[in-house]
Amino acid sequence: MCFRRSIHIRKATSSAMTSTTPSILDVHKLATYDEKSLRAYVRNIIDACAPGGRFALGAGNSIPSYIPVENYLVMLNEARR
């Protein structure tokens, strides 16, 4: 599910969803963004898709081996804020 589709589904169903909203990251951005840009990107997705919380954050069905460990940890850290 792409990022725009997940926002579309969220807006189409309800402003106060009770289920978990999927939030998919672009793997290329996860692999190439610097820490500041990646934090802003992840925060933007979380704020847009799940303003009330209750979200699942991922980059598809797995994290590819070429993703820098530091970037993966930045993604997790930003999601926990």
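The table for this structure:
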| item | result |
| --- | --- |
| The stretch 59-69 - residue that is at pLDDT 90 or above and over 13 Å from K29 (Cα atoms) and, of those, surrounded by the most Cβ atoms within 10 Å (Cβ to Cβ) | V69 |
| Residue among A12, A31, A56 that alone is assigned to a helix (DSSP H, G or I) and at pLDDT 75 or above | A31 |
| Of all residues making up the stretch 34-53, the number that are free of Cβ contacts under 8 Å to residues at least 12 places away in the same chain and in a loop (DSSP other than H, G, I, E, B) | 3 |
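The values are calculated or read from the model by the stated rules, or taken from the named source; none is laboratory data. None of the values given here were measured: they were computed from a predicted structure. Every residue, glycine as well, gets a Cβ built from its backbone with ideal geometry; the counts of neighbours run over all protein chains shown.
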